[in-house]
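Worksheet for the structure shown next.
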Amino acid sequence: MKYLAWIALIIVSGLAGVMSFQWLSAESSPKQAAVSNKVIATVPVNLFKITSSDGRFTELNNDKQLYIAYFGFTHCPDVCPTSLAVLSAALQGISAPQRQQLQSLFVSVDPKRDDPETVSTYAGYFHPDIVGLSPQEGQLLGLTQSLGVYYKYVDIPDSQLEYSVDHNSFFYFLNAQGELLAKVPHTLDPEPLVTKIQQLLPQ
Amino acid sequence: MRSILLALSLLFSIHLAANDAAITVNEAYARATPPNAPTSAIFLTMTNTSEQTVSLVSASTPAAGRVELHTMLMDGDVMQMRQVEKIEVPAGKQVELKPGGLHLMLFDLASNFAEGEEVELTLVFSDGGQQQLTVPVKKVMHKMKHHH
Ligand SMILES: [Cu+2]
């Protein structure tokens, strides 16, 4: 029975993912892109019921106004650490009250190699406010599909890495209701993140 | 036998000296890592002052069990990391290994890389030349701070 519920959840979120993907593609026309603060997609809050190894995160909670989720993996030597460093710089560029209303999440798309402790240590290194999560595979699938996160395991023959995870690189801005309010593409400059935080958390 | 080896090594070192100038390496740094991080990366800039293409073919460091040459490709907004056999530096050109692109990827780190430390690095080039460098460990944002 529990499995059935999971399967249903995955199918529903899969559909939601497809729909939101179409939505997003439709939205990228310049006319609509200027409109901000509208809901791009809604993630079933159950999918965010993930307890971090340090217990600091258990689910989306009204204690926080805004969540920033970034999806990656700890074996990523480049894009993920860069993104987390940029996020960390952005967190240093906002006010203390804003920081308090904000929760940053680093979500692993590589549960095989990233246990919750590994992700936790990894994320916390970049900024103590960033919590690392390693969802189970079904939950990960639902989360990524409803947000439109792309990831794919690719074998790298002859590399000690064995396999890499191709992935897109966006910062997803959500509220406690699981509503996706904005996504900011990969950046080497914290400014777009700071701007978005200021917009969504006016002090 | 010994004299042959000696002659060979002498030849080799002359060869090394002659090729030292082909590639100039600048701005090398290793990325500081979280505790127990599985990997790190080294970034640097290579300038080829010679008249032929010279490639970086391998690298090694006592600080890591293995070093691979990697590149990051973009397919739309999807980041794809792949291993490459060599990194070509055309005559008179500069090639930058930087975040979001080419990098040396380090596996089996002896310990985590803390800012302020240094890492010994050996680069091997296609013309037989080698270079030994001492590379500082830096945080990835160290460069961006100057922009603001
Ligand atoms: Cu790599």
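Legend: distances between Cα atoms for A:LYS152/A:LYS196; A:LYS49/A:LYS183; A:LYS112/B:LYS139; B:LYS98/B:LYS139; pairs beyond 23 Å are A:LYS152/A:LYS196; A:LYS112/B:LYS139. Rounded to whole numbers, the Karplus 3J(HN,Hα) couplings from phi for the stretch A:81-95 are x, 5, 4, 5, 5, 5, 4, 4, 5, 5, 5, 7, x, 10, 6 Hz, using 6.51 cos²θ - 1.76 cosθ + 1.60 with θ = phi - 60°, and x at Gly and Pro.
Ignoring aspartates and glutamates fewer than eight residues from B:LYS93 along the same chain, the ones with Cα atoms less than 18 angstrom from its Cα are B:ASP20, B:GLU27, B:GLU51, B:ASP127. Rounded to the nearest whole Hz, the Karplus-based 3J(HN,Hα) values (6.51 cos²θ - 1.76 cosθ + 1.60, θ = phi - 60°) of the stretch A:191-196 follow the sequence 3, x, 6, 4, 4, 5, with x at glycine and proline.
Using the Cα gyration tensor of the stretch A:111-169, with a ≥ b ≥ c the square roots of its eigenvalues, what is the shape: rounded (a/c below 1.5), prolate (a/b larger than b/c) or oblate (neither)? Taking the square roots of the gyration eigenvalues as a ≥ b ≥ c, the stretch A:111-169 is oblate.
Within the shell of other residues whose beta carbon sits under 15 angstrom from the beta carbon of A:THR118, the net charge comes to -3, with Lys and Arg scored +1 and Asp and Glu -1. Applying 0.36 nm per residue to the separation of B:GLN132 and B:VAL78 and subtracting their alpha-carbon distance, the gain on full extension is 15.9 nm. Identify all aspartates and glutamates with a Cα-Cα distance to A:LYS38 below 18 Å; exclude those on the same chain that are fewer than 8 residues away in sequence. Those aspartates and glutamates meeting the cut-off are A:GLU27, A:GLU179. Quick one: net charge around B:GLU117, please, counting Lys, Arg +1 and Asp, Glu -1 for every other residue with C-beta under 13 Å from its C-beta. Net local charge, B:GLU117 excluded: 0. If you take all other residues with their beta carbon under 13 Å from the beta carbon of B:ARG66, and give Lys and Arg +1 and Asp and Glu -1, the sum is -4. For B:SER55, the residues 5 or more places off, or on other chains, whose built amide H falls under 5 Å of its own are B:VAL89, B:SER126, B:ASP127. For A:PHE71, the residues 5 or more places off, or on other chains, whose built amide H falls under 5 Å of its own are A:VAL107, A:PHE170.
Of the peptides A:168-174, A:75-81, B:61-67, the order by per-residue mean of other Cβ atoms within 10 Å, starting with the highest, comes out as A:75-81, A:168-174, B:61-67.
Bear in mind these aren't lab numbers, they're just calculated from the coordinates by the rules spelled out. All figures in this text were calculated on a predicted structure; none of them were measured in a lab. Every residue, glycine as well, gets a Cβ built from its backbone with ideal geometry; the counts of neighbours run over all protein chains shown.
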